[in-house]
1. Computed from these coordinates, which is semi-axes √(5λ) of the Cα gyration tensor in Å: (i) 40, 23, 16; (ii) 28, 24, 17; (iii) 24, 24, 19?
2. Can you pull the one-decimal nm distance between simple spin-label points at Arg54 and Ala10, each 7 Å off the Cα toward Cβ?
3. Output the peptides 289-298, 167-176 sorted from most to least packed, where packing is the average of other Cβ atoms within 10 Å over each peptide's residues.
4. What is the magnitude of the charge dipole of region 134-271 about its Cα centre, with +1 placed on the Cβ of each Lys and Arg, -1 on the Cβ of each Asp and Glu, and no other charges, expressed in debye to the nearest 20?
5. Which residue fluctuates the most in the chain, going by a Gaussian network model with Cα springs under 10 Å, if the choices are His246, His56, His189?
6. Given only helices, namely DSSP H runs of n ≥ 4 each adding -39500 (n - 2.57), what is the per-residue ellipticity at 222 nm of the chain, to the nearest 500 deg cm²/dmol?
7. Over the chain, with a Gaussian network built from C-alpha contacts below 10 Å, which listed residue (Gly245, Gly227, Gly280) shows the highest mean-square fluctuation?
8. Lys/Arg Cβ at +1, Asp/Glu Cβ at -1, dipole of the chain taken about the Cα centre: which of Gly230, Val276, Gly157 is farthest positive-ward?
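All of the numbers you see were taken from the coordinates with simple rules; none came from a lab. The structure presented is a predicted model; accordingly, all values stated were derived computationally and were not measured. Note: ideal-geometry Cβ built from the backbone for every residue, glycine included; neighbour counts use all protein chains shown.
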Amino acid sequence: MWFAPPREIAAVRAFSRLPEALRHPRRSAWADANATGAALHSFLEGPCFDAAGRLHVVDIPNGRILRLDSPERWEVVAEYEGWPNGMALRPADGALLIADYRRGLLALDPGSGRIAPVLETALTEGFKGLNDLVVHPGDGSVLFTDQGQTGLQDPTGRVFRLRTDGGLDRLIATAPSPNGIALNRTGTHCYVAMTRSSQVWRFALRPADAMVGKANLFCQLPGGPAGPDGMAVDAADRLWVTNPGHGIVWGLDPRGVPVWRADCTGFGLMPTNCCVTPDGATMLVTESASGTILAFDIPPAA
C-alpha cells in the first residue's frame, strides 16, 4: 500500500457472544448464495445503538433483529421474513432503519418490535439487494447501498439517497459490489466499501442535486477472498473498515492512509461491520463466523 505498516491494536477482546439458545444451525437460501451452502448458526451484522443507548445487531439468514441489554443478556426484538443487513438510527423519531436484501428499506420501532416498509422499490423497479445505510447528520437523508450480486463481473451496484421529502437520488450506478457506507464528520463526503474490488471510494455530496463528480479511490486494500465490508467513522474523522477474509479492521486517517490494524483472527476471519459506542471510546465489531461481538479501545487522536 506504499505506506508505513499500520500500527497494531493489540487488545481486541470478546465483548459478547450469541447465546447457544439463539443459535440455529441450518441451511438457507441466503447461505446457499452467500456462504457456499453452509449450515449457519447465525450471521451477525449491522451493529447499531438506539436512542436509549441499547445495542442492536441483525442476524441475516434468520431474519432477526437482536438486542443486547447487557453483554450477558440477548433478546429477539423482531423476527420476520427478510434478510436484514445494515442498520442506522433515525434520530428524528428514534426508529432503526434497516437495509434489507429482500424487502428494501424498512423501519423498526425498537420498543414494540414493529417493522414497517419505508422504500420497497425505485420507481416500481425492485432493488438488486440492499446492504448498508447511513443517516445524514444534517439534512436527515438516508444514503444506502444496493449491492445485490454485483462485482467485478457486473459493476452495476448502486448508491441511493432518500431525501426527507421522499425524493430519491441515484448517486452511483457503476459500483463493483457497494457494501458498507459512511459519512465524514461534517457530512460533506461519502465513503463506500467496494467489496469485490477491495477498495473504498469517496465522493462529495451535493445537497441540492444528485450530481456526483470525480468519485475517487480513497484506499486500495489488499486483495483476498473477501474485500471491505461495514465501516464507521470515529470522533477524529478516521474511517474504520472491516475486512472479512483477512480478519482485519483497518483504521484509515482522513487522507486515506492506513494507520491502524486490529487483528480479529483469534476469533474468526469474518469481521463484517462495526460501530462506535455512544461514549466514543470503543469500537464494537460483529465477527460473523463465531457469532461474537468484539471490542477494542479506539486509539486517541494524534
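1. (iii)
2. That separation, rounded to one decimal, is 3.8 nm.
3. On the way: 289-298: 20.8, 167-176: 16.6.
Per-residue mean Cβ counts within 10 Å order the peptides as 289-298, 167-176.
4. Details: 12 positive and 11 negative charges, 49 e Å.
Approximately 240 debye in magnitude.
5. His189
6. Working: 1 runs with 6 residues, N = 302.
Theoretical 222 nm ellipticity from helices: -500 deg cm²/dmol.
7. Of Gly245, Gly227, Gly280, the most mobile in the Gaussian network model is Gly280.
8. With unit charges placed on the Cβ atoms, the residue in question is Gly157.
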